[in-house]
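The values are calculated or read from the model by the stated rules, or taken from the named source; none is laboratory data. It should be emphasised that the depicted structure is a prediction, and the values quoted were computed from it without experimental measurement. Every residue, glycine as well, gets a Cβ built from its backbone with ideal geometry; the counts of neighbours run over all protein chains shown.
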Amino acid sequence: MSAQIDLASLNAKLDSLLELIGRAVPAAPRPADWSSADAFVWIPEPGELQPVEKVNRVDISLLCAVSHVRDLLLDNTRRFANGLPANNALLWGARGMGKSSLVKAAHAAVNQEAGSSNLKLVEIHREDIETLPKLMSQIRQVSHRFIIFCDDLSFDNDDTSYKSLKAVLEGGIEGRPENVIFYATSNRRHLLPRDMIENERSTAINPAEAVEEKVSLSDRFGLWLGFHKCSQDDYLEMVRGYADHFDLEIVEDEMRAQALEWATTRGSRSGRVAFQFIQDLAGRQGKTLS
């Protein structure tokens, strides 16, 4: 009887120990189902790609006043999807001018042209940049082609994760996988704050070499696309394009006056402000944007 009690106690302790071990050891990541979607979000722990059923994006035809950079990115994306040489792209410049919208729209347009979903869009968050090697290891041998997309990419003074990005883009021993290209958006052309670069210049023994180390990150992007603040005419062109696309009825002079007043109250003109005005106009007319 005593032996049975001891055995039961031992089994209970073993069960508790196995439960604790199970909690401590992370679950194995589930393999991605590439047929489930054409866009995914990278979740570094436990290392999974979460499918996005409906991507928040606009049709590429609605991206007005940025036709030059639109065509450059579209051509670069098209060549990459067809297995031809293409460059990592950095979309930098003014806020609200459609940088991230263009990346998502170009991805959709190229897949639509090809009549397939072989080109996958994978978003990685800025704070997860250091896990890029882990992501690359998962998709390196996959037959699909991937745009790795990081929105609003920038680095602060004490942030050293930019070195990981440099290695992954070009400098690592393995290099960038042939089926991967990296697109990033940023308000900063060199991804690093100006005071950080100037501080390196002032404190280094060789200032030129210190600055070179910092700005060399942006050099990993072969395609630089600049987005500048739009003029009043560009802003009104965006508003008209959205109004026509969503079949909103308004007299031209009235739309112009309301759109300009809307921009004035926000202190800026941009594609984002134009779309916010259209949302307000559609709401007042009792219409949905779909």
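Per-residue answers, yes or no, for (1) exposed (fewer than 15 other Cβ atoms within 10 Å of the Cβ); (2) modelled with pLDDT under 85; (3) within 18 Å of SER117 (Cα to Cα):
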{"residue": "ALA8", "(1), (2), (3)": "yes, yes, no"}
{"residue": "SER35", "(1), (2), (3)": "yes, no, yes"}
{"residue": "GLU53", "(1), (2), (3)": "yes, no, yes"}
{"residue": "ALA65", "(1), (2), (3)": "no, yes, no"}
{"residue": "ASP71", "(1), (2), (3)": "yes, no, no"}
Inset, instruction - For ARG272, work out the one condition from (1) within 23 Å of VAL66 (Cα to Cα); (2) over 29 Å from the mean Cα position of the chain (by Cα) it doesn't fulfil. - result: (2)
Legend entry - Out of PRO85, PRO51, PRO46, sole residue that is in the same structural domain as LYS166 (by TED's automatic domain parsing), free of Cβ contacts under 8 Å to residues at least 60 places away in the same chain and touching a strand residue (DSSP E or B) at 6+ places or on another chain (Cβ under 6 Å): PRO51
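Would you please name the residue that is surrounded by the most Cβ atoms within 10 Å (Cβ to Cβ), looking only at residues in the range 114-130 that are in contact (Cβ under 8 Å) with a residue 40 or more places away in the chain and not in a strand (DSSP E or B)? Walk me through how you get there before you give the answer.
The initial filter retains those residues of the range 114-130 that are in contact (Cβ under 8 Å) with a residue 40 or more places away in the chain, namely 117, 119-125, 128.
Restricting the remaining residues to those that are not in a strand (DSSP E or B) gives 117, 124-125, 128.
Values: SER117: 16, ILE124: 22, HIS125: 15, ASP128: 18.
Across the range 114-130, the extreme among qualifying residues is ILE124.
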Inset, instruction - Determine the pairs where a residue that is of a type in the set (S, T, N, Q), located within the range 12-37, has a partner that is modelled with pLDDT of 70 or more with Cβ atoms under 6 Å apart, the partner being 6 or more residues away or on another chain. - result: SER36/PRO51
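For (1) aliphatic (A, V, I, L, M); (2) closer than 18 Å to ASN87 by Cβ; (3) modelled with pLDDT under 85, each residue gets a yes or a no:
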{"residue": "LYS120", "(1), (2), (3)": "no, no, no"}
{"residue": "ASP156", "(1), (2), (3)": "no, no, yes"}
{"residue": "SER161", "(1), (2), (3)": "no, no, yes"}
{"residue": "GLY175", "(1), (2), (3)": "no, yes, yes"}
{"residue": "GLU178", "(1), (2), (3)": "no, yes, no"}
{"residue": "LYS214", "(1), (2), (3)": "no, no, yes"}
{"residue": "LEU217", "(1), (2), (3)": "yes, yes, yes"}
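In the range 56-115, how many are among the small types (Gly, Ala, Ser), touching an Asp or Glu at 6+ places or on another chain (Cβ under 7 Å) and over 19 Å from PHE40 (Cα atoms)? Step through it out loud before you land on a result.
Taking the range 56-115 first, the residues among the small types (Gly, Ala, Ser) are 61, 65, 67, 81, 83, 86, 89, 93-94, 96, 98, 100-101, 105-106, 108-109, 114-115.
Subset that is touching an Asp or Glu at 6+ places or on another chain (Cβ under 7 Å): 65, 100, 105.
Adding the requirement that they be over 19 Å from PHE40 (Cα atoms) leaves 65.
Of the residues in that region, 1 qualify.
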Inset, instruction - Consider LEU49 carefully, then state whether it is at pLDDT 90 or above, surrounded by 14 or more Cβ atoms within 10 Å (Cβ to Cβ) and in a strand (DSSP E or B). - result: yes
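May I ask you to say which residue of ALA167, ALA109, ALA105 is assigned to a helix (DSSP H, G or I) and at pLDDT below 90?
Values: ALA109 fails: at pLDDT below 90; ALA105 fails: at pLDDT below 90.
Every option except ALA167 fails the conditions.
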